[in-house]
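Enquirer: The following block contains the structure, expressed as structure tokens.
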Amino acid sequence: MISKIIAEDLVSRAREAIAVKEDIVITCHVGPDGDALGSSLALWHYLRGLGKRATVVVPNRFPDFLAWMPGAEDIIVFERDAARAEEAFAGADLVFALDFNETRRLDRLEPLFLQCAAPRVLIDHHLNPESFAQLTISYPDISSTSELIFRLICRMGHFERITLACAQCIYTGMMTDTGGFSYNSNQAEIYTIIGELIKIGIDKDDIYRRVFNTFTPGRLKLNAYCIYRKMKLYPKYRTALITLSQEELQRFYYKSGDTEGVVNEPLSIEGIVFSVFMREDTDKIKISLRSQGAFPANKVASELFGGGGHLNAAGGESYTTLEEAVDKFRRALPRYRQLLEEC
Ligand code: 5GP
Ligand code: MN
């Protein structure tokens, strides 16, 4: 038996909203990850099963290692196909916002989202959601939005409607947002839910391989380069930093998704509890932060890089040079020394 975490009135309101709407757009944050896509596609499969016209619109492209997900080929990528995205929003009578807490996380899709007159339902697990939706289903203690989608469908009385494709998407999100169940994954019910997904027919080992074991040789070499040549350790602060410049990315023929997971690697060093990765994209520096134990990666992300996220996995951006971002980070480290020592 899975406990009823989502409040009853939110479940009823979601059920009622879905019942009377036909043209539903589902959207998620920029740089869609396994949970953003997993939750969006799981909901898409469910809504299509109900006979709704549903469309997933994402702000920009997603990594190749998620392209196998059932339904991924039908996703509209705004960055590539703005006209179809505009058409989808123009015809929508309900919009689901999944896996983000602030509309700016939609990046260049934000204006289209905000201009759309259809009511919005937010389903998310980040702290402090903005109030941009008529219905907000926000549970930061739940480790993935995909798990929330499973819980919501069940609570609407539709467990039987979870198809194999839907279950595969739910599992992918649960797995990726917990680093393959290596952090933020001590809640017993996660495993009850996985048991249910396995009964539906998912092959969890196969999903693991599809997501984590599909590196190109170039991606593996880039990862090795990051550790061998670029990892800087600050033992006094139990911290590691890896940076990659545009020149380095081009040297390794970087493709979206190729640096996914690099930030986790230094945490395998005994005594390192905080790891930061900075990538010089063409328009900004993208920063990923990971921590172990009680050290708040999201606090550093928000205080230094205008970002946020979860306690152990957060991100932010910098519109400075890479050197300036590194400098800001290095100078701020002493401020966090006590917290780093305590965890
Ligand atoms: P990643 O490092 O994998 O890009 O992101 C880790 C987590 O941090 C994600 O779950 C996401 O919620 C959050 N995150 C990443 N980038 C940003 C950002 O620029 N702003 C905010 N608020 N959160 C972010
Ligand atoms: Mn998530």
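Enquirer: Going by what's in this entry, would Leu233 be described as more than 26 Å from Glu79 (Cα to Cα), hydrophobic (A, V, I, L, M, F, W, C) and assigned to a helix (DSSP H, G or I)?
Expert: no
So that you can scan it fast, the table gives a plain yes or no per residue for (1) over 22 Å from Ile194 (Cβ atoms); (2) in contact with a strand residue (DSSP E or B) (Cβ under 6 Å, 6 or more places away or on another chain):
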position	(1), (2)
His29	yes, no
Ala36	no, yes
Arg48	yes, yes
Ala54	yes, yes
Trp68	no, no
Glu87	yes, no
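Enquirer: From Ser138, Ser185, which residue is within 16 Å of ligand 2 (Cβ to nearest atom), polar (S, T, N, Q), open to solvent by less than 20 Å² (accessible area, probe 1.4 Å) and under 27 Å from Leu289 (Cα atoms)?
Expert: Ser185
Enquirer: Just to verify a result, which residue in the range 306-324, among those that are over 18 Å from the mean Cα position of the chain (by Cα) and free of Cβ contacts under 8 Å to residues at least 60 places away in the same chain, is surrounded by the most Cβ atoms within 10 Å (Cβ to Cβ)?
Expert: Filtering the range 306-324 for residues that are over 18 Å from the mean Cα position of the chain (by Cα) and free of Cβ contacts under 8 Å to residues at least 60 places away in the same chain, the one surrounded by the most Cβ atoms within 10 Å (Cβ to Cβ) comes out as Ser318.
Enquirer: Here's something else I'd like to know. Please work out which residue is least open to solvent (accessible area, probe 1.4 Å), limiting yourself to the range 21-58 and to residues that are away from ligand 2 (no atom under 15 Å from the Cβ) and part of a loop (DSSP other than H, G, I, E, B).
Expert: Ranking the candidates gives Lys52 first.
Enquirer: Can we say Arg120 is more than 13 Å from ligand 2 (Cβ to nearest atom), surrounded by 14 or more Cβ atoms within 10 Å (Cβ to Cβ) and more than 17 Å from Gly38 (Cα to Cα)?
Expert: Here the answer is yes, as Arg120 does meet what is asked.
Enquirer: Also, I was wondering about something else. So which of Pro266, Pro235 is touching a Leu at 6+ places or on another chain (Cβ under 8 Å) and at pLDDT 95 or above?
Expert: Pro266
Enquirer: Somewhere in the range 64-73, is a residue free of Cβ contacts under 8 Å to residues at least 60 places away in the same chain and assigned to a loop (DSSP other than H, G, I, E, B)?
Expert: Yes, the range 64-73 contains at least one residue that is free of Cβ contacts under 8 Å to residues at least 60 places away in the same chain and assigned to a loop (DSSP other than H, G, I, E, B).
The values are calculated or read from the model by the stated rules, or taken from the named source; none is laboratory data. Predicted model only: the values in this text are computed from it and were never measured. We place every Cβ from the backbone using ideal geometry, glycine too, and count neighbours over all the protein chains shown. Accessible surface is based on the protein model in full, side chains and every heavy atom, while ligands, DNA and RNA are left aside. Shrake-Rupley method; radii C 1.70, N 1.55, O 1.52, S 1.80 Å.
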